[in-house]
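The values are calculated or read from the model by the stated rules, or taken from the named source; none is laboratory data. Note that the structure is predicted; figures quoted are calculated from it, not measured. Here Cβ is always computed from backbone atoms with ideal geometry, including for glycine, and neighbour counts include all displayed protein chains.
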């Protein structure tokens with residue numbers, strides 16, 4: 001325990017040190033500016049957050065009238081598990097496999113399970129911070145509206161703290177197993193990337209399957225459930241506990257008598273501690289073994305010498321090539337940057353498969369016939385805004401981290417820097433747009449009677465959305481040039497904990513809003529479709545050109561001033 | 001080849017480099033010595049464009065690195081002291097990239113690279129990922145990348161750290177060869193023995209100021225003692 005506390009305190013200081021934070025506020029002007037920018041972004045997000053809380057309240061009030069309070073808590077647990085599946089795996093990879101402190105701790109005379117469990121707790125704290133904003137409102141709304149007793153409030157607080165533990169451990173076990181299994185496989189980075197996507201996709205699909213099975217489908221079933229709900233307010237918690245038994249304990253803690261609540265919380269704590277203990281043993285035996293094998297002998301990564309021809313490339317292509325290889329080879333970068341272009345099409349496919357029946361098809365056919373132009377412009381808007389969700393340009397300099405000296409000292413012109421750094425996101429977007437438009441055309445073939453015309457719409461949308469995305473990419477690149485996050489310990493920080501990514505999202509949504517407003521309130525009323533497309537194409541192009549000239553102007557000054 | 005005039009850099013209230021001036025002549029190997037925190041790396045960072053000087057001028061082969069940074073960068077290659085390098089690419093990819101940036105003719109690449117790779121015994125590892133390289137191998141790779149560009153001036157921050165004795169010997173030879181064609185080498189080091197053997201001239205910096213500059217004989221004359229560089233260094237930096 002002493003060893004655990006020792007390492008936990010150290011890691012806590014390293015990751016969440018208030019003293020270091022205060023010192024940076026005092027002495028580091030760039031950090032102060034970044035903090036101000038972050039506060040500004042948070043203030044901008046505040047209305048959306050208030051809206052989210054209002055939505056949570058509205059959902060609860062609607063559920064209450066239908067005796068569905070228990071479903072509300074199930075939703076909160078579901079959402080919590082979803083967040084852990086989505087974010088937890090990358091936190092595990094970043095903190096366990098890409099963090100330098102494992103290398104520093106391993107030679108120390110400390111049982112590895114203590115510092116590994118300490119690392120787990122740091123990840124848990126990050127997950128908890130996320131839950132504070134997203135999940136806690138559900139619990140508070142439930143507690144206030146259900147007028148819980150004090151002991152139930154205590155139970156609710158403990159349950160909130162414990163909910164992420166077990167799912168995070170499960171994700172941890174799966175991640176470590178995947179990393180160990182793929183340790184000696186050829187092209188292990190690519191295999192791991194596919195593995196993560198399959199694992200996350202599989203877990204999310206499993207969640208969807210449970211949720212669909214769990215809600216009543218037919219009208220008879222609905223009546224049946226409604227009757228049960230009148231007699232048992234915890235009906236949904238009971239049903240969900242078949243899949244996730246911990247739910248029953250949460251049910252006791254929130255809705256039981258004082259004794260039931262005490263027992264529920266006590267057993268929940270006990271189960272969590274047992275899981276943690278078993279996880280620490282697992283880490284000690286499985287993780288350490290795999291980690292040491294992977295890092296002990298660099299020779300395993302060597303490839304046999306084969307003479308190669310040294311081809312000549314343009315500087316911008318050479319920059320883009322290095323960027324692409326790095327993005328593909330670092331799983332955290334790969335998932336965060338290419339994840340969106342893989343997940344969105346998968347979601348689209350799932351949604352389009354679930355649409356069925358003659359009635360729905362007829363309705364969609366009529367809708368498409370009447371709103372064809374609006375729909376294609378919505379697609380252009382969606383594809384354009386997606387440029388802000390792919391954080392390649394927004395982290396172009398940040399991802400270089402401590403190797404930033406290479407690009408900064410080489411004789412690379414501003415033009416080549418910008419072209420090379422934009423080439424990767426542009427190609428990525430091109431691939432994404434082609435996939436999405438192809439899927440859209442396949443879907444439309446079910447409801448449209450003029451597929452050749454749709455194909456032309458698709459091709460035009462592809463070009464316009466790409467041109468309209470360019471200004472977003474250049475702004476994102478400029479933001480990262482001005483304030484890159486270079487001093488990171490693991491690559492997760494360069495992408496996930498980078499304010500520039502958040503700013504990029506803000507820029508994308510603001511840009512999207514302007515495009516939407518200009519279309520809906522101005523262009524749509526006065527101009528034909530063709531003219532609107534030409535305006536968007538030209539304005540996107542001109543804006544991109546002037547932004548390019550702007551960023552090029554002081555590029556070198558910013559490059560020197562980066563640190 | 002390299003001319004530093006009244007260079008000054010301040011970090012908050014701390015004066016890291018205080019009004020230093022010196023020059024490196026063509027064909028010369030110039031050693032930049034000093035204890036930890038003396039201002040060596042800060043000076044080098046300003047020369048290679050990683051830091052902006054508060055005052056002063058840096059001319060590289062007659063080009064001001066503040067006014068025309070791109071042309072200035074074409075005159076030098078730089079190897080830092082930390083061996084931080086892209087980890088997820090192969091050594092081959094890295095050298096390809098450097099050749100592309102310095103526009104090394106395709107016909108020269110194979111011959112020059114093979115010769116450098118053989119001399120520094122890195123040929124068999126060149127197709128492996130850099131993440132699998134030892135510190136010394138990374139250092140060798142960076143040195144090959146710097147030499148392949150055949151720059152007018154090589155700027156090296158602690159180039160011998162992490163190299164085995166054989167590689168150190170090869171590097172010394174390569175640096176001397178590089179200077180035969182009128183090119184120069186500017187490097188910082190803690191290894192005074194290397195500086196003593198290799199450098200035509202040295203400058204010793206302490207607390208941000210140059211305390212002595214010249215060839216070893218000139219320095220000995222200045223202080224009036226026939227001492228080794230190590231003893232001179234210890235005496236001047238105390």
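Scanning region B:44-73 for residues that are out of contact with any helix residue (DSSP H, G or I) (no Cβ under 9 Å at 6 or more places or on another chain) and surrounded by fewer than 20 Cβ atoms within 10 Å (Cβ to Cβ) gives B:54, B:55, B:57, B:62, B:67, B:68, B:71. Residues that are within 17 Å of the chain's Cα centre (by Cα) and surrounded by fewer than 21 Cβ atoms within 10 Å (Cβ to Cβ) within region A:495-518 comprise A:496, A:497, A:499, A:502, A:505, A:506, A:509, listed in sequence order. Going by what's in this entry, would residue B:145 be described as in a helix (DSSP H, G or I) and in contact with a helix residue (DSSP H, G or I) (Cβ under 6 Å, 6 or more places away or on another chain)? In short, yes.
Taking residue B:124, is it surrounded by fewer than 20 Cβ atoms within 10 Å (Cβ to Cβ) and part of a helix (DSSP H, G or I)? Yes; evaluated as a whole, the condition is true for this residue. Of all positions in region A:450-461, none carries a residue that is within 20 Å of the chain's Cα centre (by Cα) and away from every other protein chain (no Cβ under 14 Å).
Residue check: residue A:518 meets all listed conditions (1) within 14 Å of chain B (Cβ to nearest Cβ); (2) more than 30 Å from residue B:70 (Cα to Cα) but one, namely (1). Scanning region A:469-494 for residues that are part of a helix (DSSP H, G or I) and either more than 21 Å from the chain's Cα centre (by Cα) or over 27 Å from residue A:540 (Cα atoms) (or both) yields a total of 11. When the residues of region B:97-117 are filtered to those that are within 22 Å of the chain's Cα centre (by Cα) and more than 24 Å from residue B:72 (Cβ to Cβ), the one that is surrounded by the fewest Cβ atoms within 10 Å (Cβ to Cβ) is B:115. Scanning region A:359-399 for residues that are surrounded by 20 or more Cβ atoms within 10 Å (Cβ to Cβ) and more than 30 Å from residue A:530 (Cβ to Cβ) yields a count of 9. Under the condition of being in a helix (DSSP H, G or I) and free of Cβ contacts under 8 Å to residues at least 12 places away in the same chain, the residues counted in region A:540-557 number 6.
A search for C-beta distances below 9 Å between a residue of region A:368-395 that is over 23 Å from residue A:506 (Cα atoms) and any residue that is outside any helix (DSSP H, G or I), counting only pairs 6+ apart in sequence or on different chains, returns A:368/A:448; A:369/A:448; A:369/A:449; A:372/A:448. Taking the numbered list (1) farther than 22 Å from residue A:312 by Cβ; (2) modelled with pLDDT under 90 in turn, residue B:111 passes all entries but (1).
Here is a yes/no grid of residues against (1) more than 19 Å from the chain's Cα centre (by Cα); (2) under 27 Å from residue B:167 (Cα atoms); (3) surrounded by 15 or more Cβ atoms within 10 Å (Cβ to Cβ):
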residue: B:191; (1), (2), (3): no, yes, yes
residue: B:194; (1), (2), (3): no, yes, yes
residue: B:215; (1), (2), (3): no, yes, no
residue: B:221; (1), (2), (3): yes, no, no
residue: B:226; (1), (2), (3): yes, no, no
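With a requirement of 3 or more residues that are more than 8 Å from chain A (Cβ to nearest Cβ), the helices (runs of 4 or more DSSP H) lying completely within region B:1-114 that satisfy it span B:40-48. The residues of region B:127-155 that are surrounded by fewer than 16 Cβ atoms within 10 Å (Cβ to Cβ), farther than 15 Å from residue B:178 by Cβ and more than 9 Å from every other protein chain (Cβ to nearest Cβ) amount to a single one, B:135. Just to be sure before I move on: is residue A:310 surrounded by 16 or more Cβ atoms within 10 Å (Cβ to Cβ), over 32 Å from the mean Cα position of the chain (by Cα), at pLDDT below 75 and within 14 Å of chain B (Cβ to nearest Cβ) in the structure I sent? In short, yes. The helices (runs of 4 or more DSSP H) found wholly in region A:31-144 and carrying at least 1 residues that are within 27 Å of residue A:281 (Cα to Cα) and modelled with pLDDT of 80 or more occupy A:69-83, A:89-97, A:112-134. For residue A:402, are the conditions met, namely being surrounded by fewer than 21 Cβ atoms within 10 Å (Cβ to Cβ) and either away from chain B (no Cβ under 14 Å) or at pLDDT below 90 (or both)? Spelling it out, residue A:402 is indeed surrounded by fewer than 21 Cβ atoms within 10 Å (Cβ to Cβ) and either away from chain B (no Cβ under 14 Å) or at pLDDT below 90 (or both).
Considering (1) within 30 Å of residue A:327 (Cα to Cα); (2) modelled with pLDDT of 80 or more, the lone condition that residue A:200 does not fulfil carries the number (2).
A single entry from A:206, A:240, A:236 fulfils the requirement of being surrounded by fewer than 14 Cβ atoms within 10 Å (Cβ to Cβ), in a helix (DSSP H, G or I) and at pLDDT 70 or above: A:206. If you filter region B:208-231 down to residues that are in contact (Cβ under 8 Å) with a residue 24 or more places away in the chain and touching a helix residue (DSSP H, G or I) at 6+ places or on another chain (Cβ under 9 Å), you find that the one that is farthest from residue B:179 (Cα to Cα) is B:208. Return yes when residue B:172 is closer than 25 Å to residue B:91 by Cβ, out of contact with any strand residue (DSSP E or B) (no Cβ under 8 Å at 6 or more places or on another chain) and modelled with pLDDT of 90 or more and no when it is not. Considered against the rule, which asks whether it is closer than 25 Å to residue B:91 by Cβ, out of contact with any strand residue (DSSP E or B) (no Cβ under 8 Å at 6 or more places or on another chain) and modelled with pLDDT of 90 or more, residue B:172 comes out as no.
For residue A:553, are the conditions met, namely being out of contact with any helix residue (DSSP H, G or I) (no Cβ under 7 Å at 6 or more places or on another chain) and at pLDDT below 90? Considered against the rule, which asks whether it is out of contact with any helix residue (DSSP H, G or I) (no Cβ under 7 Å at 6 or more places or on another chain) and at pLDDT below 90, residue A:553 comes out as yes.
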